[in-house]
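**Q** Could you have a look at this structure, given as C-alpha cells, before my questions?
Derivation of every value follows stated rules applied to the coordinates shown; laboratory data play no part. Predicted model, so just to flag it, every value in this text is computed and none were measured. Cβ coordinates were reconstructed from backbone atoms using ideal geometry, including for glycine residues, and neighbour counts include every protein chain displayed.
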Amino acid sequence: MQLFNAVRQIGKAHLKYNQASRKKVPDGLWIACPKCQQSFYHKEIGLYRVCPLCGYGFRTRAKTRLAWLAADFQPLDTTLKTINPLKFPKYPQKVKQAQQITELNDSVLTGIA
Ligand SMILES: [Zn+2]
C-alpha cells in the first residue's frame with residue numbers, strides 16, 4: 001500500500017507541475033517538457049511528439065498513434081459501450097466526458113491492421 005500511495009503523490013505533483021507550466025508558456029508557440037523542464041519551439045517536437053532535449057514522449061491520441069503504426073486499420077467492436085454495474089457515482093458523466101475528449105466509445109481501440 002505504501003508504494004501505491006507514493007505513486008499517487010508523484011502523480012498529483014506531476015499534474016500540478018503540468019498545470020503550472022502550461023500557464024507560463026504562450027499558447028501554441030513553446031512547449032514545456034514535464035521531464036527535463038525545458039521549453040522548446042513547437043516545431044521541434046516532430047511527428048512522433050518526442051522532446052528533442054531528453055526524449056520524453058508526450059501524450060498522443062490513440063488514433064494518431066495508430067496512424068504511425070498501421071497504413072490500414074479496420075476497427076472492431078465499435079458498438080461496445082461501458083456500463084456501470086457497481087453504481088459508481090457520477091460514472092456516466094465521467095464516461096461521457098472521456099468519450100467526447102477521446103472520440104472513442106471505450107478505453108481500448110481494437111481492430112485489424
Ligand atoms: Zn524533455
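**Q** Round to the nearest 0.05 the FRET efficiency obtained for residue 94 and residue 47 when R0 = 30 Å and r is the Cβ-Cβ distance. Write down the numbers at each step before the final one.
**A** Numbers: r = 32 Å, r/R0 = 1.06.
About 0.40, to the nearest 0.05.
**Q** For residue 107, what charge total do you get from the other residues with a beta carbon under 15 Å from its beta carbon, if Lys and Arg give +1 and Asp and Glu give -1? Mind showing how you got there, number by number?
**A** Details: positive: 59, 61, 63, 65, 81, 94, 96; negative: 77, 103, 106.
Around residue 107, the charge tally is +4.
**Q** Beyond 13 Å, what share of the Cα-Cα pairs of the stretch 70-113 is found? Please give it as a whole percent. Walk me through the numbers on the way to the answer.
**A** On the way: 570 of 946 pairs.
Of all Cα-Cα pairs in the stretch 70-113, 60 percent lie more than 13 Å apart.
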